[in-house]
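The values are calculated or read from the model by the stated rules, or taken from the named source; none is laboratory data. What you see is a predicted model, and the numbers here were worked out from it, not measured in a lab. Because the Cβ atoms are built from the backbone with ideal geometry, glycine has one as well, and the counts that use them run over all protein chains shown.
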Amino acid sequence: MKKMVVLGPPGSGKGTSTRKIAQFFNLKRITVGDAIKEEIFKKTKLGQIMFNFTKDGHFIPDEMVVKVLQKQIKNLKGFDGFIIDTAPINLEQKEIMKNLNIDCAILLNIKNFDVVRERILKRLMCPKCKLVTSKTENKTGICPNCGSNLEKRYDDNLKVVNKRINQYLEKTLPVAKAFKKEGKLLTINAEENREKVFSQIKAKINKFFAEKSLN
Ligand SMILES: [Zn+2]
C-alpha cells in the first residue's frame, strides 16, 4: 500500500501530477473538493452539515475535511493505495490526518512564483471533462477530448492568485517542512515541464518505497 499526499502552490501542477501518479501506481486519486461534492450530492448527514457551512460562505472545519477523506480511504478495493490532492493544507489538518498513516508527501516545489503566476493566467479548463490546458498548449480553444469550448477558471486572476500563493507560503509550506523533519518529504522541481516533473516523481517514489521496504 502506498499512502501519499501532494503539496504545492497553485499552478504547480497538482491535478495533472496526481492523475499521472494515480494511473501509473494504480492508486485511488482523492481530491478534497470532489470528495466534499460527492458527500453533498449523496445528501449524507456529513454532506448536509458541510453544505450548510458552504452555503453561509464559511470554510468547512478541518475535522470534517479529514472525515470525508477517511470515508474515501475506506474503500480502496482494486487499488494499491491512495494519493490525496489538496490536503493537508495546514498544520492543523496534518495533525488530524495522523491516523491515516501517510507514508510520504510529494512537494511540487516552486522557487520563482512568476512561473506559476504566468501558468495560471494562461490556464484554460474544459467545463465538461475538466481537462486543464493552457493558451500556449492549445491555440484552438476547443477541448481535444470532448470538443467543448475551453474556459478560463473564474478565480484565475492575479489578485486571487497572489492571495492563494500567500496562503500557501503561510499555511502549507510549514506542512512540507514538518514532513521533511519526519524524513517523509519528496521534493520535486516543479518549474520544469510536465514530462520532466513526472519522471522526477516516479524516480523519487520508487526510491522511497524501495528504501522503506528494506527497513
Ligand atoms: Zn473536455
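Helices (runs of 4 or more DSSP H) fully within the range 82-175 that include at least 3 residues being free of Cβ contacts under 8 Å to residues at least 40 places away in the same chain: 91-96, 158-167.
Suppose we filter 69, 46 for residues that are of a type outside the set (S, T, N, Q) and either under 19 Å from residue 103 (Cα atoms) or at pLDDT below 90 (or both); which single one remains? Criteria check complete, one pass: 69. The set of residues in the range 15-26 that are within 19 Å of residue 168 (Cα to Cα) and surrounded by 21 or more Cβ atoms within 10 Å (Cβ to Cβ) comprises 17, 18.
Yes/no matrix, rows are residues, columns are (1) more than 16 Å from the ligand (Cβ to nearest atom); (2) at pLDDT below 95; (3) in contact with a helix residue (DSSP H, G or I) (Cβ under 9 Å, 6 or more places away or on another chain); (4) at positive phi:
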residue: 100; (1), (2), (3), (4): yes, yes, yes, no
residue: 106; (1), (2), (3), (4): yes, no, yes, no
residue: 129; (1), (2), (3), (4): no, yes, no, no
residue: 179; (1), (2), (3), (4): yes, no, yes, no
residue: 182; (1), (2), (3), (4): yes, no, no, no
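Scanning the range 49-61 for residues that are outside any loop (DSSP other than H, G, I, E, B) and closer than 18 Å to residue 72 by Cβ turns up 49, 50, 51.
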